[in-house]
C-alpha cells in the first residue's frame, strides 16, 4: 500500500480502538520498550510528546517508566519552530514547563528549557502510524522527523513506537525515508538493525 492509504487506514484504526484496548497496548509497549532499552547503553533519549486527544502512544507513561527504570538518563522532547518544518530539542525534567502548540502537541517551553543538540542524542523514539517489514514508517506527512533524523549521529538508534503490528510493504518509499533500527509494539520488538 501507499503512504496516503496507510495513513488513512491507521488513523481510522486508532480512532475505532476502544479505551480499554488502548490502555492495555500502552502498558505492553512500555514493558517491551523497557526490556529493549535494558540491552542498550545510552545517556540521552529523545521522545515525542503525544498530541492531545489523538490517541497516540502514551509517551508520558513512557517518560514515567524511564525516570524510574533509568534514573541517570536525560530525556529530550521536540519543539517545532513556528512557521517552519524544523524542530529544536529541549531537556524535559519533572519541572519543565510545557506549552501546547497549534496542533495540540505539548512542547517544552524554549524560553525556560535547556536546548540539546541532535548530535548528543543516543536514542530517538519516533512517532508513526504504520511501519513495514523493512523498518520504513508512515508518519503524519509533515516531514519533521525526515528532516531531524539525518541531524543525529550515525550510531543514534531510531526506534518507532506503534500501537499496531507491521504491514508487508510501504510502496512509495523515497530518498528522504530513513528506516528505523527497531519498532516497539504491544506484541513484540522488531529489530531491523541486522
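Please order 69, 39 by the number of other Cβ within 10 Å, starting at the fewest.
39, 69
With a ≥ b ≥ c taken as the square roots of the eigenvalues of the C-alpha gyration tensor of segment 1-100, please select rounded if a/c is under 1.5 and otherwise prolate if a/b is larger than b/c or oblate if it is not?
Working: a/c = 1.80, a/b = 1.22, b/c = 1.47.
It is oblate, given that a/c is not under 1.5 and a/b is not larger than b/c.
Using only helices, what value at 222 nm comes out for the chain when you add -39,500 (n - 2.57) per DSSP H run of length 4 or more and divide by the total residues, to the nearest 500 deg cm²/dmol?
Values: 4 runs with 50 residues, N = 194.
Only helices count here, giving -8000 deg cm²/dmol.
If you stretched the chain out fully between residue 140 and residue 20, how much longer would it get, using 0.36 nm times the residue separation minus the C-alpha to C-alpha distance? The partial results should precede the final answer.
Values: separation 120, 0.36 × 120 = 43.20 nm, distance 2.45 nm.
My answer for the length gained is 40.7 nm.
Based on other C-beta atoms within 10 Å, arrange 172, 119 from fewest to most. Don't jump to the answer; show the numbers that get you there.
Values: 172 13, 119 10.
Starting with the residue having the fewest Cβ neighbours, the order is 119, 172.
So for segment 100-194: antiparallel DSSP bridges make up what percent, rounded to the nearest 5?
Working: 6 of 14 bridges.
Around 45 percent antiparallel, to the nearest 5.
When the label point is put 7 Å from the Cα of residue 84 along its Cα-to-beta-carbon vector, which residues of segment 120-164 have a backbone N closer than 19 Å?
120-121, 142-153
With equal scatterers on the alpha carbons only and no solvent term, can you work out the Debye log10 of I(q)/I(0) for the chain at 0.10, 0.12, 0.18, 0.19 1/Å?
Ignoring solvent entirely, the Cα scatterers give -0.37, -0.55, -1.39, -1.58.
Counting other beta carbons within 10 Å of each Cβ, put 44, 76, 189 in order, fewest first. Write out the running numbers ahead of the final one.
Working: 44 19, 76 24, 189 15.
Ascending Cβ contact count within 10 Å gives the list 189, 44, 76.
Given a Förster distance of 25 angstrom, what is the FRET efficiency for residue 109 paired with residue 5, based on the Cβ-Cβ distance and rounded to 0.05? It would help to have the intermediate numbers written out before the result.
Values: r = 37 Å, r/R0 = 1.49.
Once rounded, the FRET efficiency stands at 0.10.
Would you kindly compute the Cα radius of gyration of segment 103-164 and its largest Cα-Cα separation (Dmax), both in Å?
13.1, 41
Of the residues 24, 16, 165, which exhibits the maximal mean-square fluctuation in a Gaussian network model of the chain defined by a 10 Å Cα contact cut-off?
Judging by the Gaussian network model, the answer is 16.
Which of the three applies to segment 58-144, rounded, prolate or oblate, going by the alpha-carbon gyration tensor with a ≥ b ≥ c and a/c under 1.5 meaning rounded?
On the way: a/c = 1.68, a/b = 1.15, b/c = 1.46.
In terms of gyration-tensor shape, oblate.
Could you tell me the calculated FRET efficiency between residue 155 and residue 12, based on Cβ-Cβ distance and R0 = 35 angstrom, to the nearest 0.05?
Working: r = 37 Å, r/R0 = 1.05.
It comes out at approximately 0.45.
Computed from the coordinates by the stated procedures, all read-outs in this text should not be read as laboratory data. Note that the structure is a prediction, hence the values are computed from the model and not measured. Every residue, glycine as well, gets a Cβ built from its backbone with ideal geometry; the counts of neighbours run over all protein chains shown.
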